[in-house]
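Let me begin by presenting the structure, written as structure tokens, before commenting on it.
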Amino acid sequence: MATTLIRGGTVVTATGRSLADVLIDGETIRAVLAPGSELLGVDLAASVDRVIDATGKFVIPGGIDAHTHMELPFGGTAASDTFETGTRAAAWGGTTTIVDFAVQTYGERVEDGLAAWHEKAAGRCAIDYGFHQIVGDVDEASLAALRGLADEGISSYKLFMAYPGVFYSDDAQILQAMQVAADTGLMTMMHAENGPAIDVLVRQLLDQGKRDPYFHGVARAWQMEEEATHRAIMLANLTNAPLYVVHVSAKQAVAQLAAARGAGQNVFGETCPQYLYLSLEDQLGASSDEWGAFEGAKWVCSTPLRSKHEHHSDELWSALRTNDLQMVSTDHCPFCMKDQKELGRGDFSKIPNGIGGVEHRMDLLYQGVVDGQISLERWVEITATTPARMFGLHGRKGVIQPGADADIVVYDPNGHTSIGVGKTHHMNINHSAWEGFEIDGHVDTVLSRGRVIVDDAQYLGHPGDGSFVKRGLSQYLT
Ligand code: DUC
Ligand code: ZN
Ligand code: ZN
């Protein structure tokens, strides 16, 4: 087994930073040593197979993106990143584990949906991966399947309060699923938007001739997110099931989570970079020579980008500081404009929902450190350490400590990253929702279980390097 020493860097964890060397033995971190330590020999550097010089750089746990949708079928098409292209892009951006969503569609058995996802991913991933299970059809059979999920290494499942006729669960279905979750310890992940009410608003807007992407954000009003978040919290409270609300974008939904957490409930929330940086007016309302007002389709996702005049993003950053929101995932779900987003030209409700971002999460959140929004330690916590704890990977992923997988990123705070097509862009999509973003930092070297897969602007990995990781129950519950 090859040995590697990462020498001279500042190791940053969720709880602090220190100058330290990291010794890797095969796939695992063996030791974190004070610089110049002779504990394991006088000249450790001479006795290892490889030395990585991290002088002046941060040495951090590889990112964990706990919310991706590779190849997700949606709106008559499918997300454009495969497990091969999407995990490679993730690796370029310093993410070394994804947790993707296996899908059970209406009329399908949960077991078959899960098997199909294993089939898509096996042998193709650049980095390790796990699955949550989307349950799109809650009935007796799927409730029974939920009971066996944790044994498959899948300790969380997602329900949708939105998308009637596609993934939607009503309150009776949610209640029953949560009862099973309370029994089994599964984490319920919730897409919290009032889908039936939104569909009425959509129809009314279309009837008034309001058909551009901008109106996607108008129809999916913050009240729809706040109400559904509150309802989900109440159902979780009643059933005593832990609840994790995905892609929180409205400050009013954050307030609901904060109140429930303040009252001692096991309720958690993630937000996504798009809600921290982008807005209804500047993105959904964008216009270009090529696409006219349809340009905004690039940023159609749900929950939607919100009005900058309502200051949601300030509240989201604040909640990340106070731990009212615990982590940041991408909801990576890319669709090209041509032939995909285009399906909704003239009818915003037919635009496939999703933004690609798996490659840029670590950089975009690091910019939050540079801008003074979060501390360096909090950056590591919300992008790696908490995702691991939240979803049953603690000890193995998300930390730099002996015994953990050697998933490590050497990050250069003096480097620079220009995001955009033709610049830093490896996702399988021909536009970037992040075009023009400039980051005051750079992912230099990425190790996945001890193997260097990105170094010095070169990709050194292969499809199939990554393995399926079985996850335990959440280690974040109080
Ligand atoms: N939201 C998105 O934007 N895309 C995929 C599914 C979802 O809930
Ligand atoms: Zn969702
Ligand atoms: Zn999603």
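The values are calculated or read from the model by the stated rules, or taken from the named source; none is laboratory data. Please read all numbers here as calculations on a predicted model, not as lab measurements. All Cβ positions, even for glycine, are placed from backbone atoms using ideal geometry, and neighbour counts span all protein chains on display. Side chains included, ligands, DNA and RNA excluded: accessible areas come from the protein's heavy atoms. Shrake-Rupley method; radii C 1.70, N 1.55, O 1.52, S 1.80 Å.
See the values below:
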{"quantity": "Value of relative contact order over the chain, rounded to a whole percent, pairs C-alpha under 8 Å and six or more apart", "calculated": "22"}
{"quantity": "Using distinct alpha-carbon pairs, which all enter the 1/r mean, Kirkwood radius of the range 398-474 in Å", "calculated": "14.7"}
{"quantity": "Nearest-ten-degree value, helix 312-322 long axis tilted from longest Cα axis of the chain", "calculated": "40"}
{"quantity": "Descending Cα extents along the principal axes, the chain, whole Å", "calculated": "75, 54, 41"}
{"quantity": "Debye log10 I(q)/I(0) for the range 1-142, one point scatterer per Cα, at q = 0.09, 0.11, 0.13, 0.14 Å⁻¹", "calculated": "-0.43, -0.58, -0.71, -0.77"}
{"quantity": "C-alpha long axis of helix 110-121 to longest principal axis of the chain, angle in °", "calculated": "50"}
{"quantity": "Bins of 10 Å from zero: percent of alpha-carbon pairs in the range 250-409", "calculated": "10, 33, 33, 19, 5, 0"}
{"quantity": "Rh by Kirkwood over Cα pairs, then Stokes-Einstein D for the range 186-232 at 1.567 mPa s and 4 °C, µm²/s", "calculated": "113"}
{"quantity": "Ile233 accessible area, 1.4 Å probe, all protein chains in place, Å² to nearest 10", "calculated": "0"}
{"quantity": "5 angstrom amide H check on His132, placed H, neighbours 5+ away", "calculated": "Asp100, Phe101, Ala102"}
{"quantity": "Length-normalised contact order for the range 363-478 - Cα pairs under 8 Å, 6+ apart - percent", "calculated": "28"}
{"quantity": "Loop-resident sites, the range 287-351, for chymotrypsin sites (Phe, Trp or Tyr not before Pro), counting at most 16 other Cβ within 10 Å (DSSP)", "calculated": "none"}
{"quantity": "Cα-centred dipole magnitude for the chain, charges only on beta-carbon of K, R (+1) and D, E (-1), debye, nearest 20", "calculated": "440"}
{"quantity": "Average projection area in nm² (convex hull over Cα atoms of the range 4-76, one quarter of hull surface)", "calculated": "7.3"}
{"quantity": "Nearest-ten-degree value, helix 83-92 long axis tilted from longest Cα axis of the chain", "calculated": "50"}
{"quantity": "Mean projected area (nm²) of the alpha-carbon convex hull when the range 358-425 is viewed from all directions", "calculated": "5.4"}
{"quantity": "Accessible area, probe 1.4 Å, largest first, for residues Lys308, Lys57, Lys338", "calculated": "Lys338, Lys308, Lys57"}
{"quantity": "Rg [Å, one decimal], Dmax [Å, integer] - the range 236-310, C-alpha atoms", "calculated": "16.0, 52"}
